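Working notes, structure below.
The values are calculated or read from the model by the stated rules, or taken from the named source; none is laboratory data. No experiment lies behind these values; they were computed from the predicted model shown. FYI the Cβ positions are ideal-geometry reconstructions off the backbone, even for glycines, and counts take in every protein chain you see.
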Amino acid sequence: MIFLSPECFPCFLRQADLAARAHGASDAERTMLAARVSAMMAGLSDGEVPAGVATRLQALAREMLRTDDPFQTVKRRELQRFEAVSRRAEDFVAASPDPLAAAVWIAAFGNVMDFGIIERESMEREVDGLSGQTAPAGVPGEILERIRRAKRIGVLLDNAGEAAFDVPLLARLGREEGRDVWIGLKGGPVIDDLTAAEAIELGLSRYGEIVSNGNQGVGTDLALCPPEFRARLSASDLVLSKGQANFETLVGQVRNAVFLLRCKCPVVSRALGRREGDIVILDGASAA
């Protein structure tokens, strides 16, 4: 698991301010939220997982901003362009000599769409840079073979803005007869993550059963998930886990996972021995 480092503390303040700005908070509200988050951070212990702290931070932001969904406006904008972006992602994958590998790669690439950490301009530059590219040959062959063999696959989605980049992979997972695909999502709003209700609205149920994890935690905190959700994880042949927060909370906990993420902070980059910004496709058993 990933534990608190000094770099986490300014990041927590930034996450809180991004939530406040996304909600249109006043300068006075932003200052009050920063003060409350600073007080919360003063009591943290070294053994805490950053995503777990972020869960408490986001609950505090929702309370102080008097809203259940500070990122609602941001998410609605991303959901409105879902069809256009998913078509663009599919065109990228269909042009590849190995569409499954390209679908895995573009799903990991899409993890850059994170309004809880990254400024919009940086994300858009990355997406615009896809034009004329082909997927790098960076997907391990053994992971592709595990995907091809798996008969029961869970896919844990992440941010609303990246869901469109997951469509080519979801579509290909569901094409094999006899394969059971389920799609895990948040039980309620947290940061800009896609919720189960929003996934149904987008029509993602055509690719697999939509399953709520029953909570508003950042990542997938197993202690917050109901027993039936944890049972699904353990009963699956393979769990494709999207995003850095899911990696933080599940690495070493779910050995049948494959993690698809972008390195978005120095703490995770050090843990993985990768550069910030790198796309990571990692076997959970080897990372445990």
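What number of residues in region 200-249 are closer than 15 Å to residue 152 by Cβ, of a type in the set (A, V, I, L, M) and within 18 Å of the chain's Cα centre (by Cα)?
The qualifying residues number 5.
For region 82-100, which positions are over 19 Å from the mean Cα position of the chain (by Cα) and buried (at least 22 other Cβ atoms within 10 Å of the Cβ)?
The answer is 92, 93.
Filter region 250-272 down to the residues that are over 14 Å from residue 157 (Cα atoms) and β-branched (Val, Ile, Thr), then identify the one that is surrounded by the fewest Cβ atoms within 10 Å (Cβ to Cβ).
Looking at the filtered set, the residue picked out is 267.
Select from region 254-274 the residues that are in a loop (DSSP other than H, G, I, E, B) and in contact with a helix residue (DSSP H, G or I) (Cβ under 6 Å, 6 or more places away or on another chain) and write down the one among them that is farthest from residue 138 (Cα to Cα). Step through it out loud before you land on a result.
The first filter runs over region 254-274 and keeps only residues in a loop (DSSP other than H, G, I, E, B), leaving 254-256, 263-265, 273-274.
When the remaining residues are screened for being in contact with a helix residue (DSSP H, G or I) (Cβ under 6 Å, 6 or more places away or on another chain), the result is 254-255, 263-264.
Numbers: 254: 23, 255: 21, 263: 15, 264: 19 Å.
Applying the filter and picking the extreme gives 254.
Residue 170 fails exactly one of the following numbered conditions: (1) under 28 Å from residue 8 (Cβ atoms); (2) surrounded by 22 or more Cβ atoms within 10 Å (Cβ to Cβ). What is the number of that condition?
Tallying (1) under 28 Å from residue 8 (Cβ atoms); (2) surrounded by 22 or more Cβ atoms within 10 Å (Cβ to Cβ), residue 170 fails exactly one: (1).
Within region 8-52, can you find the residues that are assigned to a loop (DSSP other than H, G, I, E, B), modelled with pLDDT of 95 or more and either in contact with a His (Cβ under 6 Å, 6 or more places away or on another chain) or of a type in the set (Asp, Glu) (or both)?
Within region 8-52, none qualify.
Could you tell me whether residue 55 is surrounded by fewer than 14 Cβ atoms within 10 Å (Cβ to Cβ) and β-branched (Val, Ile, Thr)?
no
From 153, 117, grab the single residue that is crowded, with 17+ Cβ neighbours inside 10 Å and modelled with pLDDT of 85 or more.
153
In region 70-81, what residues are surrounded by fewer than 20 Cβ atoms within 10 Å (Cβ to Cβ) and either more than 26 Å from residue 217 (Cα to Cα) or touching a residue at least 24 places away in the same chain (Cβ under 8 Å) (or both)?
72, 73, 79, 81
I'd like the full set of residues that are among the polar types (S, T, N, Q), more than 24 Å from residue 269 (Cβ to Cβ) and part of a helix (DSSP H, G or I), limited to region 53-80.
Residues satisfying the conditions are 72, 73, 80.
State all residues of region 252-263 that are within 11 Å of residue 220 (Cβ to Cβ) and at pLDDT below 95; if no residue qualifies, say none.
Filtering region 252-263 down to residues within 11 Å of residue 220 (Cβ to Cβ) leaves 253-254, 257.
Those that are within 11 Å of residue 220 (Cβ to Cβ) and at pLDDT below 95: 253, 254.
Tell me, which residue of region 275-288 that is part of a helix (DSSP H, G or I) and surrounded by 16 or more Cβ atoms within 10 Å (Cβ to Cβ) is modelled with the lowest pLDDT? If you could, list the steps in order and put the result at the bottom.
Residues of region 275-288 that are part of a helix (DSSP H, G or I), as a first pass: 284-287.
Adding the requirement that they be surrounded by 16 or more Cβ atoms within 10 Å (Cβ to Cβ) leaves 284, 287.
Working: 284: 88, 287: 62.
Here the answer is 287.
Any residue in region 208-217 that is touching a residue at least 60 places away in the same chain (Cβ under 8 Å), out of contact with any Phe, Trp or Tyr (no Cβ under 7 Å at 6 or more places or on another chain), closer than 26 Å to residue 49 by Cβ and in a strand (DSSP E or B)?
no
Would you check which residues across region 198-232 are in contact with a Ser or Thr (Cβ under 8 Å, 6 or more places away or on another chain) and either under 19 Å from residue 165 (Cα atoms) or surrounded by 22 or more Cβ atoms within 10 Å (Cβ to Cβ) (or both) and list them?
199, 213, 217, 218, 219, 220
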